[in-house]
Amino acid sequence: MPTGGKPTLTQFLIEERRRHPGATGDLNALVTDVSLACKAIARKVAFGRLGDAMGAAEPAPQTGINIQGEEQKTLDVLANQLFLRATEWGGHVAGMVSEELEHVYTLPTKYPRGKYLLMFDPLDGSSNIDVNVTVGSIFSIVRAATPEVDAEPDDFLQPGTEQVCAGYAIYGPSTMLVLTFGNGTHAFTLDPMLGEWVLSHPNMRIPEKTREFAINTSNSRFWEPAVKRYVDECMAGQSGPRGADFNMRWIASLVAEAHRILMRGGVFMYPRDTKDPAKAGRLRLLYEANPISFLVEQAGGLASTGRTRLMEVQPDSLHQRIGFVFGSSEEVARLQGYHHEEPQDTYQAPLFGKRGLFAAAAV
Ligand code: ZN
C-alpha cells in the first residue's frame, strides 16, 4: 500500500458516507473539490516570491501591473480564485461567501446549483506570507435553505451548530488538512510525492488541562476585567493563585494557533475588548470562529465567545466579527466563569495596575 496502510482522504470519505446510507455523495464531492483548492494554494504558497511553477512573474506583495502588462495578483486574491474555480462547477453549492468578497458569490449561470453553502477564508494570516510564517485556509459548510437555487445573503446566517462539515488546511513545514463531519476531528497530511491527503492523525483530542495560553498582550489595556484576571493569574505562575507556571505563545495566525492547540492543547484568546467599540471582536464568525469551533468541540475542547458557546451565536451579518476563546476545556470554562462571577469593574489586576509589571514596562 503506497500510504503505508493509512487511509487516503478519498477512502476516508467513502467510509464516512457508508455510515450514512441516505447520503448522496454531494458533500464528499464538495469536500474533495475544497481539498483540491487547498493543494493548489499549498503549491502557490510554497513558491513564494518565485511565482508559480511555470515561472510566471507573479506574487509581488501588492496588486499591480507586471512588465508583460498582466495584472499581478496577491496570494490571497489567487487563493480566493482557486477556491471559487475548484468548487463552483460541480453542482454541489448554491452560493459562497469568502473573506475576500464583500457580497455573496453567485455561481456562473452555466453551472447547476446544489444543496450546500460554502463559506471560506482562502488565505488566513496572509500578512504572515511575507515573513514565511505558517498560513492556512479555513472553510465551513451548511445546508442551503432552498436547494438548487441561488442563495440569498440571509441563508448564510446560520449558527455554527448547523455546520455539516468544517475544516482548515495548514501550509506549514508539511501541508495538512484537518476536517470534521461531526464525528471527531481528523487530520490528513499531504504526501507531496503522491499528491494525496493521507490520514495521519485520526480522532485528535485536545487535553482538558493545559499550562499554555495564547493572547496578544499588546491589547491588554483594552481587555475586560475577566480576561485581565485570567491572564494575570497565569503570569503570576507558581506563587500565584494557579500555583503553576504557564507558557505563552502568539503566532498571530489563527490556523497555526488552532493547529497547535489541536495537537497538544492550550487556550487561545482573541476576546472582545474596548479597543474599537464598533467591533465586537477581531475574528470573523462565519468562516473563522464557527469552523474552528466545530473542529475544537469535536476534539473534546471548548469554543466560546468568552461568555457562551460560540456555535450557538445567531449571526447577523456575513462578515460579522466576534470575541473568540477556544482550547482546553478546563481553561475555557475557567475564563467563562470569571466573566460570569465578576462585575465588570471589580478586578484590580496587580500586574496591570498602577504598580504592575506591564504598567511599569510601559512607562
Ligand atoms: Zn482570516
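The values are calculated or read from the model by the stated rules, or taken from the named source; none is laboratory data. Note that the structure is predicted; figures quoted are calculated from it, not measured. Cβ atoms come from the backbone with ideal geometry, glycine included; neighbour counts cover every protein chain shown. Heads up: the accessible areas ignore ligands, DNA and RNA and are worked out on the full protein's heavy atoms, side chains in. Shrake-Rupley method; radii C 1.70, N 1.55, O 1.52, S 1.80 Å.
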Original post:
Among (1) in contact with a helix residue (DSSP H, G or I) (Cβ under 6 Å, 6 or more places away or on another chain); (2) within 20 Å of Asn290 (Cα to Cα); (3) surrounded by fewer than 24 Cβ atoms within 10 Å (Cβ to Cβ), where does Gly136 come up short?
Top reply: (3)
Original post:
Is at least one residue of the stretch 275-284 modelled with pLDDT of 95 or more and open to solvent by 10 Å² or more (accessible area, probe 1.4 Å)?
Top reply: yes
**OP:** Write out, first by first residue and then by second, each pair whose Cβ atoms fall under 8 Å of each other, whose residues are 6+ apart or on separate chains, and whose first residue, in the stretch 277-306, is closer than 16 Å to Gly136 by Cβ and without any contact (Cβ under 8 Å) to a residue 12 or more places away in the chain while the second is outside any helix (DSSP H, G or I) and open to solvent by 10 Å² or more (accessible area, probe 1.4 Å).
**Re:** none
**OP:** Can you tell me which residue within the stretch 25-39, out of those that are within 17 Å of Leu123 (Cβ to Cβ) and touching a residue at least 60 places away in the same chain (Cβ under 8 Å), is surrounded by the most Cβ atoms within 10 Å (Cβ to Cβ)?
**Re:** Cys38
Original post:
Which residues, counting only those in the stretch 221-243, are closer than 26 Å to Leu262 by Cβ and surrounded by 14 or more Cβ atoms within 10 Å (Cβ to Cβ)?
Top reply: Trp223, Ala226, Val227, Tyr230, Val231, Glu233, Cys234, Met235, Arg242
Original post:
What number of residues in the stretch 139-166 are buried (at least 19 other Cβ atoms within 10 Å of the Cβ) and in a strand (DSSP E or B)?
Top reply: 6
Original post:
Phe246: hydrophobic (A, V, I, L, M, F, W, C) and either surrounded by fewer than 23 Cβ atoms within 10 Å (Cβ to Cβ) or within 23 Å of Val97 (Cα to Cα) (or both), yes or no?
Top reply: yes
Original post:
Is the stretch 148-160 home to any residue that is of a type in the set (Gly, Ala, Ser) and outside the structural domain of Tyr338 (by TED's automatic domain parsing)?
Top reply: yes
